[in-house]
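Notes for the one structure printed next.
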Amino acid sequence: MQITTIGLDLAKQVFQAHGVDARGHTVLVKQIRRDQMPTFFANLPPCRVGMESCAGAHYWGRELTRLGHDVRLMAPQFVKPYVKSNKNDAADAQAICEAVGRPTMRYVAIKSVEQQAILSVHRARDGLVRARSALANQIRGLLAEFGLVMPIGVSTLRQRTPTLLDEARDRLPPPFVHLIEELLAHMGEQDRHIQAFERQIMQWHRTNPISLKLAQIPGIGPITASALVASVGDARLFKNGRQMAAWLGLVPRQHSSGGKPTLLGISKRGDGYLRKLLLLGAHSALLRIRKFGDGQSWANRLLRRRPVNVVATAVANKNARIAWALMTGESDYDPALV
């Protein structure tokens, strides 16, 4: 019988495939080595191939699509309910094969090489920012052990620590002074790498018209705009802006039963990096609104009766919906329409 659907469990060297025919009968259970993958799928007639969206999935998605197959990527949490009995590679491949055939399954868009490249720069920058924050906290804690207390903030720490060390150098052990100077130098190296990555992101941002449109939204800058464009790709995959906001985890989580609707906090599903950027941008927009904005704006009115973090989440949700509208339409951002 001809194979119509294949579930492929990805790995580093040995992949597991599970294939079924048009009637759903199992016709293939096979382990495939990495070097055999191109030849094996090139010799197969075009069929639907399901994979979990994990490391290497987008690469194999592009490769198998080039060979004429219909590749569908799925979030791992949507595949897990189809795993029967014990977990192993064969059971996972069978579960993927069954899940990819469901008519209501949600799929992940396959990213292009360009999208993955700029997202790699984003991830590297985010890792360095986290490492810099950890280093700043370590320096602040070490200084506090000797009675030198610094205000919160990386820039403040960077500017005031050398002066503080000079003033207290006579009562500080030389090894400790040398240690703090080395840590500050290391922080300077991190700053230079972060700035280099940001220049790469800005260069990509200036060449992408959709990213330039998104940067017009208050609370969305070049970093957030480029990350959204690279992560979402084709925004038409979402039916509306609310679906995109839900994909980002910016909508309430439901726990309803017996006809009684119960809404909890935001779901926090999806890409935490994008959600973090949108929330940080929303807080920045709120600071500007409270300082220079219209006192009758909906955000200001909401601030009078709700906590600032709740309002920031609402602004981030609204910005995600506006971003969807700009990515699916031809017009630029118009504050009057908002």
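The values are calculated or read from the model by the stated rules, or taken from the named source; none is laboratory data. Note that this is a predicted model, so its numbers are computed, not measured. FYI the Cβ positions are ideal-geometry reconstructions off the backbone, even for glycines, and counts take in every protein chain you see.
Tell me the residue from Ala124, Ala93, Ala117 that is assigned to a helix (DSSP H, G or I), more than 30 Å from Glu182 (Cα to Cα) and touching a residue at least 60 places away in the same chain (Cβ under 8 Å), please. Even if it seems obvious, please write down each step before you answer.
Details: Ala124 fails: more than 30 Å from Glu182 (Cα to Cα); Ala117 fails: touching a residue at least 60 places away in the same chain (Cβ under 8 Å).
Selected residue: Ala93, the only one of Ala124, Ala93, Ala117 that is assigned to a helix (DSSP H, G or I), more than 30 Å from Glu182 (Cα to Cα) and touching a residue at least 60 places away in the same chain (Cβ under 8 Å).
Is it the case, given these coordinates, that Arg290 is part of a helix (DSSP H, G or I), of a type in the set (Lys, Arg) and either more than 19 Å from Ala316 (Cα to Cα) or touching a strand residue (DSSP E or B) at 6+ places or on another chain (Cβ under 9 Å) (or both)?
Working: part of a helix (DSSP H, G or I): yes; of a type in the set (Lys, Arg): yes; either more than 19 Å from Ala316 (Cα to Cα) or touching a strand residue (DSSP E or B) at 6+ places or on another chain (Cβ under 9 Å) (or both): no.
So Arg290 fails the test.
If you check Gly221, Gly241, Gly259, Gly233, which single one turns out to be at pLDDT below 85 and touching a helix residue (DSSP H, G or I) at 6+ places or on another chain (Cβ under 8 Å)?
On the way: Gly221 fails: at pLDDT below 85; Gly241 fails: at pLDDT below 85; Gly259 fails: touching a helix residue (DSSP H, G or I) at 6+ places or on another chain (Cβ under 8 Å).
Unique residue meeting the criteria: Gly233.
Name the one entry in Gly141, Gly147 that is in a helix (DSSP H, G or I) and farther than 27 Å from Asp332 by Cβ.
Values: Gly147 fails: in a helix (DSSP H, G or I).
Result of the check over Gly141, Gly147: Gly141.
Of all residues in the stretch 130-183, how many are surrounded by 13 or more Cβ atoms within 10 Å (Cβ to Cβ), of a type in the set (Gly, Ala, Ser) and farther than 30 Å from Lys276 by Cα?
Residues in the stretch 130-183 being surrounded by 13 or more Cβ atoms within 10 Å (Cβ to Cβ), of a type in the set (Gly, Ala, Ser) and farther than 30 Å from Lys276 by Cα: 1 in total.
Looking for something among the hydrophobic types (A, V, I, L, M, F, W, C), over 18 Å from Ile217 (Cβ atoms) and outside the structural domain of Ile118 (by TED's automatic domain parsing) - is there at least one such residue anywhere in the stretch 279-301?
Initial filter on the stretch 279-301 (among the hydrophobic types (A, V, I, L, M, F, W, C)): 279-280, 282, 285-287, 289, 292, 298-299.
Narrowing the set further to residues that are over 18 Å from Ile217 (Cβ atoms) leaves none.
There is no residue in the stretch 279-301 that is among the hydrophobic types (A, V, I, L, M, F, W, C), over 18 Å from Ile217 (Cβ atoms) and outside the structural domain of Ile118 (by TED's automatic domain parsing).
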